[in-house]
Every structure is written in structure tokens, then in C-alpha cells.
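I have placed the structure first, in the form of C-alpha cells, so that the comments after it can refer back to it.
The values are calculated or read from the model by the stated rules, or taken from the named source; none is laboratory data. Because the structure is predicted, anything quoted here is derived from the model rather than measured. Ideal geometry is used to build each Cβ from the backbone, glycine not excepted, and the neighbour counts take in all protein chains shown.
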Amino acid sequence: MSAHSTAIGISSKRGVWGGGNEPLKASYGKLMMWFFLLSDIFTFAAFLITYISIRVSYPAYAGPADTFVGSNEYWPVPEMVFEALPFMHGVHAPLIFVGIMTFILIASSVTMVLAVEAGHRNDRNDVVKWMLWTLVGGVTFLSCQAWEWNHFIHGTDGGSVLTYVNSLGKVVQETVFGANLHVNEYGPAGFAQLFFFITGFHGFHVTVGVFLLFLCFYQAAVGVYDRRGHYEMVEKIGLYWHFVDLVWVFVFTLFYLI
Amino acid sequence: MEIQENKSTLVVEARNDEKIKKIWKTAGILLAITVVEFIMAFTMGRGILLYGAFMALTVWKAKYIMMEFMHLGDEVKPLFYSIIVPLIFLVWLIIVLVKEGSEIFLMRW
């Protein structure tokens, strides 16, 4: 390619419309990754905006947070729902576990950007090292989420007494433990449904990301990118991984803080 | 065809400490914002002020991730705007559906 003197690089041989130009100055793969991520932003935005609008259509819990009891009459206080820790039964630790998960994901994003930086320098050893750390972070995050779901589904010791329409179409009043798509002990049915769909869809993205990370780690380790002559794949998979972190930042705020 | 050896002709460049320092600095900012959000969740009363602060901090974090980690700021302007401009429509969608949700609330209760 000739030297770019204008904003749109024009190949001297073919002119503007003759092909061979790179108006966005990014490779095909990187460009398509960006546009895929844009479409994925729309999907996640649809989920999260649905969450907000359903949430504001319910009354908020009015009393002080520490006297909170689960009910399908009002939206629950997140810090009273997400307050358990693994291996510490009965300890009230509001938002601690999800805070740890957020730190893990942000940390894995940092090691990813270090891998991308190492890729720019063609430094295979550094790429392999940082990819491995990112992979560890991704797997740890997924394990934490598995525990979080397990706890959410099985519920607390006491459960909540709810009046609701059961699966046979009858109005019943009984103690509900945990959560499913039909009823849950924390709040309205929509609360658990949105929790499952949004964190589940995000977890699915993390799972795909972990596969991609492993692929990239393996290919870097055996020298595929050295033979190819560039480490652009690290950059593309890095974009995807940062996106997963980006979405989690929003999920964290909307689901666990607000 | 020759058998490809597992050897590279690529030249490994030395670490640029300044760049790496900047990455860790960004990481520090992200973690600090998260800690601030965490503290606010327990010390401030629930209400529009707290939620607005949360959203502002979240967008701020998103900006750091997209600009520093995803290097969107380093791309050429047309690519930058083709990613950012569509997101403006999402802001409108949020406003509309929050309004919609609160109307449903008024109808229901």
C-alpha cells in the first residue's frame, strides 16, 4: 500500500473505487469482530433495558434493608439476596462474593491486554504467559458463577412464604425455597427469570471466550502465530474478552448494586 | 515444499515499560471505581441520586475498557464513530422503556 496522505487511503494504482483501499485501516478480522461486538451490545442492551423497565414496573422494597423478607409483591433488595459465601454457611456477607467475581473478571481483562501488548512485540513467551493467566481468570469466574447459580436455585434455609399461582393454575400459599422460572423466594417471578437469562447469557459468552482463549493460548504456544508472522489473533480474541468484561460491568451495576 | 521448521523470523521487541505501566494504571482506576461503587451501595440511601451515580460510574468504567483495553481510541475516526454512534440510540431506548415501565407501575398499583 502506498503511504496514506488522506483520511481515506487511496491506492495510487486503482483510485478510490478500484479496491485495495483500507478506509478504516483495520484488518478484515478485526473489523468484523468490532461489528459482531456491536450487534452483541444490542442483544445485551435489549436484555438489560428489559430488566430496567420490568424493575420500575414493580414497587421497590420500602422498609430498612436489614428487615427485608422475600415477597413477590415488591422488587427485592439485591444486597439481601446475594449475600452468601461458599464454605461459610449462614454468614451474612452482602455482595462480597459478587465483588470478588468482578475483581477476577477485571483482572483477567488486564492480563488479556498484557497478552495483546506482548503480541505487538512478537514476544511468544509473554503472550503464552499472559494468555494462561487470562484463561485461569476465565475458568475461575465461571466456577464462581456456577456456585452463585447453585446457591440461587437452592435458596436459603428459611425460604419465604409466598402466595402465588402454582403450575396447576391454583392459588396457593406456601413456603418457597430457592428459585426457578416459575416462582422464587426473593421477589417477583421476573426477578429470577431475568437473573437466569441475563447472567446465563453472559456466562455463555464467558464459556465461548474460555474456548477461544484456550485455542489462542495453544496456537501461540506451538508457534502458529510465529509462522504466520503476526499475533493479530490475540488482538481479536482480546477484543471479545474485553467485551465480556464490559458487559459484566453493566450486569454488576444493574443486578447487584441498583 | 520444505518442511516448516518451528522457527520464527519475527524479531522479538523489548518491553515498553511505559505502555505496561499505563495498562496497570488503567486496571487500578477500574478497581478503584468498583470499590467506590461498593462503598456507596452500603453508605448511601437508595434513590435517584445513588442510581444516577452508579450509572455515571459504570459508563466511566466502560469508557476506560473500550478506550484503553480495546484501543477503540486508536482506531481511525470513521471506525470509532461507526461503533459509538449506534450506541446513542440505546440511550433513547433506555429513556423510553423506563417511562413505559413506570406507566405500567401506575396502572398496576
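Quick grid of which residues meet (1) under 30 Å from A:Pro94 (Cα atoms); (2) away from chain B (no Cβ under 11 Å); (3) in contact with a helix residue (DSSP H, G or I) (Cβ under 6 Å, 6 or more places away or on another chain):
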position	(1), (2), (3)
A:Val224	no, no, no
A:Gly229	no, no, no
A:Glu232	no, yes, no
A:Leu239	no, no, yes
A:Leu246	yes, no, yes
A:Val249	yes, no, yes
A:Phe252	yes, no, yes
A:Ile258	yes, no, yes
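Which members of region A:83-108 meet the condition of being more than 16 Å from A:Phe250 (Cα to Cα), in contact with a Leu (Cβ under 9 Å, 6 or more places away or on another chain) and among the aliphatic types (A, V, I, L, M)? Within region A:83-108, A:Val91, A:Ala93, A:Ile96, A:Ala107 qualify.
Scanning region B:41-52 for residues that are part of a helix (DSSP H, G or I) and at the interface with another protein chain (Cβ under 10 Å from one of its Cβ atoms) yields B:Ala41, B:Phe42, B:Leu50, B:Tyr51. Only one of the numbered conditions (1) exposed (fewer than 11 other Cβ atoms within 10 Å of the Cβ); (2) of a type outside the set (A, V, I, L, M, F, W, C); (3) facing chain A (nearest Cβ under 7 Å) is violated by B:Pro78, and that is (1). Restricted to region A:119-133, and to residues there that are in contact (Cβ under 8 Å) with a residue 12 or more places away in the chain and within 12 Å of another protein chain (Cβ to nearest Cβ), the residue that is nearest to A:Trp248 (Cα to Cα) is A:Trp130. Looking across region B:56-75, the residues that are surrounded by fewer than 17 Cβ atoms within 10 Å (Cβ to Cβ) and closer than 16 Å to A:Ile258 by Cα come down to B:Ala56, B:Val59. Just one of the listed residues (B:Leu93, B:Leu57, B:Leu31) is in a helix (DSSP H, G or I), facing chain A (nearest Cβ under 9 Å), closer than 16 Å to A:Phe250 by Cβ and under 17 Å from the mean Cα position of the chain (by Cα), namely B:Leu57.
Taken over region A:15-50, the criterion of being out of contact with any Gly (no Cβ under 9 Å at 6 or more places or on another chain), at pLDDT below 90 and within 10 Å of chain B (Cβ to nearest Cβ) is satisfied by A:Leu24, A:Ala26. For region A:67-78, check the following and say yes or no: at least one residue is of a type in the set (Asp, Glu) and closer than 24 Å to A:Glu232 by Cβ. No, region A:67-78 has no match at all. In the condition set (1) free of Cβ contacts under 8 Å to residues at least 24 places away in the same chain; (2) at the interface with chain A (Cβ under 9 Å from one of its Cβ atoms); (3) assigned to a helix (DSSP H, G or I), B:Thr26 is compliant with all but (1). Pairing residues of region A:97-118 that are without any contact (Cβ under 8 Å) to a residue 40 or more places away in the chain with residues that are of a type in the set (Lys, Arg) and in a helix (DSSP H, G or I), at Cβ distances under 7 Å and at least 6 apart in sequence or on separate chains, gives A:Glu117/B:Lys19.
Let's see how each residue does on (1) over 30 Å from A:Gly223 (Cα atoms); (2) touching a Leu at 6+ places or on another chain (Cβ under 8 Å):
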site	(1), (2)
B:Ile20	no, yes
B:Ala32	yes, no
B:Gly47	yes, no
B:Thr58	yes, no
B:Leu79	yes, yes
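Among the numbered conditions (1) more than 7 Å from chain A (Cβ to nearest Cβ); (2) part of a helix (DSSP H, G or I), the only one that B:Lys19 does not meet is (1).
Taking B:Ile65, is it more than 7 Å from chain A (Cβ to nearest Cβ) and either touching a residue at least 60 places away in the same chain (Cβ under 8 Å) or β-branched (Val, Ile, Thr) (or both)? No: the conditions fail for B:Ile65.
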